[in-house]
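What follows is calculated from the coordinates using simple rules that are stated; it is not laboratory data. Not measured: the values here are computed from a predicted model. We place every Cβ from the backbone using ideal geometry, glycine too, and count neighbours over all the protein chains shown.
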Amino acid sequence: MRRSAAESAPSKPSSGRSSKSPPVNAKKEYLALLAELDRRHRHNQLAAYKPYERQAEFHAAGAVNRERLFMAGNQLGKTRAGGAEWAMHLTGRYPQWWQGKVFDTAVRLWAAGVTGEGTRDNPQRVLVGPPQQQSAWGTGMIPGDAIVDTIMGRGAPGALDSVVVRHGGGGDVQSGESVLSFKSFEKGREKWQGETLHGVWFDEEPPLDIYSEGLTRTNATGGITIVTFTPLLGMSDVVMLFLSAGEVERMGKG
Ligand SMILES: Nc1ncnc2c1ncn2[C@@H]1O[C@H](COP(=O)(O)OP(=O)(O)OP(=O)(O)O)[C@@H](O)[C@H]1O
Ligand SMILES: [Mg+2]
C-alpha cells in the first residue's frame, strides 16, 4: 500500500528543517494525493453505492425473478438503483452485500427511456456522467477505468448509442467486454427487434408491445428486465402484468 506523503516526509534531524513546516515537495505530494483520492471517489460511484431499503429489496428480488418493477414516487432513487445494478452486471463488480441476480460472463444490456433526450438525461447520465461534458464521462455508475469505448448516437446532442465496458479481469472472473446500448420507446417496436440480450432496463413505463419485445430479447439467455418509473398513467397494461389477481381485485374495490 502507498503511504501518505505526510507519513513519508523526511524526518532526519540533520535536515535542519523545522518539524512544523514540512518541505514544499511533501506538501505538493500530499495535495496530489488528496486530488487523486477525490478523483477516485468521483470515478467510483459504484463502490460508494449504498441502497436504501426499497432499492435493496428491488435488487434482491432479481435473484429469483426474471422481470421486476420498481414503482415509486418522484425522486426516490429509481434511476440510481437501475444504474447501479446495470453497472454491476456490465463490469462483473458485485459488492459484498449483493444478493441479487449475478451474471458470470460479460453481458449485452439495453437501457431505455421514452425519447432520445429522456434516455440521455436519465439512464445515460446516471451510468456514464453528465451528457454535455464529455471530459466528465466515467464519473457515473460505470467506473471510468471500466469504460473502453463510447459510441455516439445520431439523435439528440450528447446522446450515446452505446458504451463498451471492461468486464471482470480481477480475481477469478475472466476478463471480457460488455456492451450497453441506449434505446428509446418512441422509435417503435421495429427498432427493438433483433439482438439477443442479457437485460433490458425501461426507465419509464413502456408501451406493452415494446415491453414484450424487450422481454423476448432476453429469453435465450434467461436474462432479466427491470422497469423503474413513477405511475402517472394509472394502472397500465405493463403494471397489470406485475400485479396478482388478488391485488387487481382489491384495487378495483378500493
Ligand atoms: N442509495 C442512495 N444513496 C444516496 N443517494 C441516493 C440513493 N438513491 C438515490 N439517491 C439520490 O436521490 C436523488 C434521486 O434519485 P433518482 O434520480 O434515482 O430518483 P428517481 O426516483 O429516478 O427520480 P425521478 O422520479 O425524478 O425519476 C438523486 O440525487 C440520487 O443521487
Ligand atoms: Mg428517474
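A few remarks follow.
- When the charge dipole of segment 67-253 is built from unit charges on Cβ atoms (+1 for Lys and Arg, -1 for Asp and Glu) and taken about the Cα centre, the candidate among Pro95, Ser212, Thr105 whose Cα reaches farthest toward its positive end is Pro95.
- Computed from the C-beta positions of Arg250 and Thr216, the FRET efficiency with R₀ = 22 Å rounds to 0.10.
- Extending 7 Å from the Cα toward the beta-carbon at both Gln99 and Arg39 defines two label points whose distance is 3.8 nm.
- Once the Cβ-Cβ distance of Val24 and Thr150 is raised to the sixth power relative to R0 = 51 Å, the FRET efficiency obtained is 0.85.
- Exposed loop sites, defined as trypsin sites (Lys or Arg not before Pro) outside DSSP H, G, I, E and B with at most 10 other Cβ atoms within 10 Å, are absent from the longest region of the chain, namely 21-153.
- Under Karplus coefficients 6.51, -1.76 and 1.60, residue-wise ³J(HN,Hα) of segment 151-162 in Hz, glycine/proline x: 10, 5, x, 10, x, 4, x, x, 7, 8, 7, 7
- Evaluated at q = 0.07, 0.08, 0.10 Å⁻¹, the base-10 log of the normalised Debye intensity for the chain, with identical point scatterers placed on the Cα atoms, takes the values -0.31, -0.39, -0.55.
- Computed from point charges on the beta carbon alone (+1 for Lys and Arg, -1 for Asp and Glu), the dipole magnitude for the chain about its Cα centre is near 1300 Debye.
- Ellipsoid equivalent to segment 153-249 - semi-axes via the Cα gyration tensor, in Å: 28, 19, 13
- In the chain, a dipole from Cβ-located charges (positive for Lys and Arg, negative for Asp and Glu) runs towards its positive end, and of Leu31, Met240, Thr139 it is Leu31 whose Cα lies farthest in that direction.
- Estimated from the Cβ-Cβ distance and a Förster radius of 22 angstrom, the FRET efficiency linking Leu232 and Asp161 is about 0.20.
- q = 0.23 Å⁻¹, segment 42-153: log10 I(q)/I(0) [Debye, one scatterer per Cα]: -1.52
- Rounded to 5, the percent of DSSP beta bridges in segment 128-254 classed as antiparallel: 75 percent
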